[in-house]
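The values are calculated or read from the model by the stated rules, or taken from the named source; none is laboratory data. For clarity, every value in this text was computed on a predicted model and none was experimentally measured. Cβ: placed from backbone, ideal geometry, glycine included. Neighbour counts: every protein chain shown. Areas reflect the complete protein model, heavy atoms only, side chains present, ligands, DNA and RNA absent. Shrake-Rupley method; radii C 1.70, N 1.55, O 1.52, S 1.80 Å.
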Amino acid sequence: MRQQGKKAIVVGASSGIGLEVAKMLMEQGWTVGVAARRVELLQSIGAAALERIDVTTDDATDGLQRLIGQLGGMDLFFYASGIGKQNRELAEDIELATLQTNGVGFTRMVGEAYRYFAKQGCGHIAAITSIAGTKGLGPAPSYSATKAMQNVYLQALEQLARARGLDIRFTDIRPGFVDTALLSGDYRYPMMLRPEKVAKEIVCAINHHKHIRVIDWKYRILTAVWRRIPRWIWRRIRL
């Protein structure tokens, strides 16, 4: 599906899923601007514009506006930034850092994209959340809580845009475990997905204006089962 003349911004494009999505969008003809904390990793992508953005800082939205200016506009905002760790001991620094990035940073950047599209009258916001938002996961409390918040936030913005008569589309992307630096470490995760495969499904979901996309079919079955587990059983499950 060719997208000549369309302009996309990818936040969190320095590695993993964000990097692969940025590449695929360019292959489809999008003019792409990219942003991440580690701007040196963006040099080789070949994007039309790049900007250093740390979503946890107050000036992050200024960086997004500069990137939009460099690109000459924005039709698609794709958000791939996020952190997550298992935290069975509930270390305070891990919990608060996760809330700052996945909660405050997400709200800051997605909110700015929404305001831009509201003024423009149209646009598309797509964001990577996670299947972790389906249920509260004991090994990763703040991670699963912030992912559930992201799911609901996108749903709320979708309702808000429709109520205001705005032509803003939303795509909530919920992958399972993906083989990226985010999940590096000693713990071996089951049913790991390749970033390239996930990126392909993401771009397809964006092109077809999907509202929610769980990736992949195994995780669609898994999350459907999770939703049906009563709380009194869920809290007894050891993960």
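Determine which aspartates and glutamates satisfy two conditions relative to K6: a Cα distance under 17 Å, and not lying fewer than 8 residues away in the same chain. Partners found: E27, D75, D167. The charge dipole of the chain, taken about its Cα centre with unit charges on the Cβ of Lys, Arg, Asp and Glu (plus for the first two, minus for the last two), comes to roughly 1100 debye.
Working out 0.36 nm times the residue gap between V225 and L96, then minus their Cα-Cα distance, what length gain in nm do you get to one decimal? Intermediate values should be presented prior to the final figure.
Numbers: separation 129, 0.36 × 129 = 46.44 nm, distance 3.00 nm.
Extending this stretch completely gives an extra 43.4 nm.
In the chain, the longest principal axis of the Cα atoms and the axis of helix 16-27 are about 30 degrees apart. Whole-Hz Karplus values for the stretch 204-219 come out as 5, 5, 5, 4, 9, 6, 5, 7, 9, 9, 8, 10, 10, 4, 5, 6 Hz, taken residue by residue from phi with 6.51 cos²θ - 1.76 cosθ + 1.60 and θ = phi - 60°; glycine and proline positions read x. Look at (i) 18.1, 55; (ii) 17.3, 53; (iii) 17.9, 60: the one that is Rg and Dmax of the Cα atoms in Å derived from this structure is (ii). Exposed loop sites, defined as trypsin sites (Lys or Arg not before Pro) outside DSSP H, G, I, E and B with at most 11 other Cβ atoms within 10 Å, are absent from the longest region of the chain, namely 89-163. The helix-based estimate of mean residue ellipticity at 222 nm for the chain, built from -39,500 (n - 2.57) per DSSP H run of four or more residues and divided by its residue count, is -12500 deg cm²/dmol to the nearest 500.
What full-extension length gain, to one decimal in nm, is calculated for E27 and N207 as 0.36 nm per residue of separation minus the Cα-Cα distance? Intermediate values should be presented prior to the final figure.
On the way: separation 180, 0.36 × 180 = 64.80 nm, distance 1.33 nm.
Between E27 and N207, full extension yields an extra 63.5 nm.
Please give the length that would be gained between Q43 and V104 if that part of the chain were fully extended, namely 0.36 nm times their separation in residues minus their C-alpha to C-alpha distance (nm, one decimal).
Values: separation 61, 0.36 × 61 = 21.96 nm, distance 2.74 nm.
Contour length minus Cα-Cα distance gives 19.2 nm.
Using a probe of 1.4 angstrom and keeping all protein chains present, the accessible surface of the chain works out to 51 square angstrom per residue.
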